[in-house]
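Below is one structure, written out as structure tokens, with a few remarks after it.
The values are calculated or read from the model by the stated rules, or taken from the named source; none is laboratory data. Note that the structure is a prediction, hence the values are computed from the model and not measured. Note: ideal-geometry Cβ built from the backbone for every residue, glycine included; neighbour counts use all protein chains shown.
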Amino acid sequence: MKHAVTYELLKKDSRTKARRGRVHTPHGTIETPVFMPVGTAATVKAMRPEQVKEMGAQIILSNTYHLYLRPGHEIVREAGGLHKFMNWDRAILTDSGGFQVFSLGALRKITEEGVQFRSHIDGSKHMLSPEKSMEIQNALGSDIMMAFDECAPYPSDRDYVKNSLERTTRWLKRCKEYHKDTERQSLFGIMQGGMYKDLRYESAMQVVDLDLPGYAIGGLSVGEPKELMLDILDDCVDYLPEEKARYLMGVGSPDYLFEGVERGVDMFDCVLPTRIARHGMAMTSYGRVNIKNAKYERDFEALDPECDCYTCRNYSKAYLRHLYKCDEMLSAMLLSNHNLHFLVNMMGNIRKAIEEDRFLEYKNEFYTKYGRF
Ligand SMILES: CNc1nc2c(CC[C@H]3O[C@@H](OC)[C@H](O)[C@@H]3OC)c3nc(N)[nH]c(=O)c3cc2[nH]1
Ligand SMILES: [Zn+2]
């Protein structure tokens, strides 16, 4: 059968596991490695779609949990699907809701059937199951649908993680069984296994056995120390087939992106760029800038001298600091625009560096200038 989404490997780095590829989708081709802006409630916060497109973003993310609760997936279906509803004609990936139920929902109860929870919005009772998650993602019409899984909390004991990953595999089979229109939308499996390397292997073998168009590494970036995350990640990527796309969920800041690329990851997502923007923080070529700092009061230079984004071309740090101090909406808009542009642009430079076989040199140059992460 023809899959909606396919991965094409273009070039492997000669000294690391970094790789340059493409993810072909019904809404366009995604150059990888790629950073995917997060648009949880069908909007990349404080950004118009044209701006997200103009900076070069090829795919954005949205969320089953949020859109099911508000406005409701049937309304999005009646609107013609998420692409139409939010005026975004490039690719969309939706998460399955499992993670959000645990990070946002209240009074949860896990059974073989699925997860019962109360809405964090109005306390109403709901049930998410593999079938329900697929029904919602079918209604949203995303190009890539994530399997309904359980992301075990950190830390979790071994028995819990083992039972959880086995139930996640049973849920994945139910997702695959339910999803019929494989030429319109592709289902990605998610490997779990917590911080236990042997359980990671078990989960990967069970997930890969279902021969899906792409796979995600879940259960990481959940509060574990960086060196532990990277140690687990080192193994996880090798358990996934080379000819399929690999997505590391919930990652990340610039250093995690470099470390993930170096270990063979193709796709990344993180709320950081827009979230820290709302708190007056910017990522720049010379490290983080906390715009509320008094030292910027008379700093009439651009946020990042090496950035050509709309924010850096037209406004000074002094003005951005003023906007933040006045709690003006334009503050979040301009800082979000820059932070997203910064990460999307950085990934473009990483892709170019892999093409020119100088990924490690670019990584070291970036780290030296950026300083402390
Ligand atoms: C932050 N760390 C982290 N996030 C994670 C997410 C949410 C990403 C999703 O959450 C939204 O941003 C809040 C993004 O939109 C993304 O959607 C795809 C995960 N989702 C699933 N289904 N399974 C996991 O194991 C998992 C692990 C994560 N670790
Ligand atoms: Zn900029």
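Does SER331 qualify as being over 30 Å from ILE232 (Cβ atoms), crowded, with 22+ Cβ neighbours inside 10 Å and among the hydroxyl-bearing types (Ser, Thr, Tyr)? Answer is yes for this residue.
In the stretch 346-353, is there at least one residue being charged (D, E, K, R) and under 23 Å from CYS270 (Cα atoms)? Among the residues of the stretch 346-353, at least one is charged (D, E, K, R) and under 23 Å from CYS270 (Cα atoms), which makes the answer yes. State the number of residues belonging to the stretch 137-170 that are outside any helix (DSSP H, G or I) and either surrounded by 21 or more Cβ atoms within 10 Å (Cβ to Cβ) or touching a Ser or Thr at 6+ places or on another chain (Cβ under 7 Å) (or both). Residues flagged as outside any helix (DSSP H, G or I) and either surrounded by 21 or more Cβ atoms within 10 Å (Cβ to Cβ) or touching a Ser or Thr at 6+ places or on another chain (Cβ under 7 Å) (or both) within the stretch 137-170 amount to 12. If you go through the stretch 313-337 and keep only what is within 12 Å of ligand 2 (Cβ to nearest atom) and under 25 Å from the mean Cα position of the chain (by Cα), you end up with LEU334, LEU335, SER336, ASN337.
Return yes or no: is GLY260 touching a helix residue (DSSP H, G or I) at 6+ places or on another chain (Cβ under 8 Å) and in the same structural domain as VAL208 (by the TED database)? So GLY260 fits the description; yes. Can you name the residue in the stretch 284-308 that is touching a Ser or Thr at 6+ places or on another chain (Cβ under 8 Å) and within 11 Å of ligand 2 (Cβ to nearest atom) and is also farthest from TYR324 (Cα to Cα) among such residues? By that ranking, first place goes to GLU306. Applying the condition of being in a loop (DSSP other than H, G, I, E, B) and touching a strand residue (DSSP E or B) at 6+ places or on another chain (Cβ under 7 Å) to the stretch 105-123 and asking which residue is surrounded by the most Cβ atoms within 10 Å (Cβ to Cβ) yields GLY114.
Just one of the numbered conditions (1) within 30 Å of ARG90 (Cβ to Cβ); (2) among the aliphatic types (A, V, I, L, M); (3) without any contact (Cβ under 8 Å) to a residue 60 or more places away in the chain is not true of LEU140: (3). Of the strands (runs of 3 or more DSSP E) that lie entirely inside the stretch 1-97, those containing 2 or more residues that are farther than 19 Å from ASN138 by Cβ and touching a residue at least 60 places away in the same chain (Cβ under 8 Å) span 6-12, 19-25, 28-32, 34-36. Taking the stretch 262-306 as the range and being in a loop (DSSP other than H, G, I, E, B), buried (at least 18 other Cβ atoms within 10 Å of the Cβ) and modelled with pLDDT of 95 or more as the test, the residues that pass are ARG263, GLY264, VAL265, ASP266, GLY280, ILE291, ALA302, LEU303, ASP304.
So that you can scan it fast, the table gives a plain yes or no per residue for (1) farther than 29 Å from THR40 by Cα; (2) hydrophobic (A, V, I, L, M, F, W, C); (3) within 16 Å of ligand 1 (Cβ to nearest atom):
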residue: ILE276; (1), (2), (3): no, yes, yes
residue: ALA282; (1), (2), (3): no, yes, no
residue: ARG288; (1), (2), (3): no, no, no
residue: ARG298; (1), (2), (3): yes, no, no
residue: ALA302; (1), (2), (3): yes, yes, no
residue: GLU306; (1), (2), (3): yes, no, no
residue: TYR310; (1), (2), (3): no, no, no
residue: ASN314; (1), (2), (3): no, no, no
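With respect to being away from ligand 2 (no atom under 16 Å from the Cβ), assigned by the TED database to the domain that holds ILE136 and not in a helix (DSSP H, G or I), ASP198 falls outside the description.
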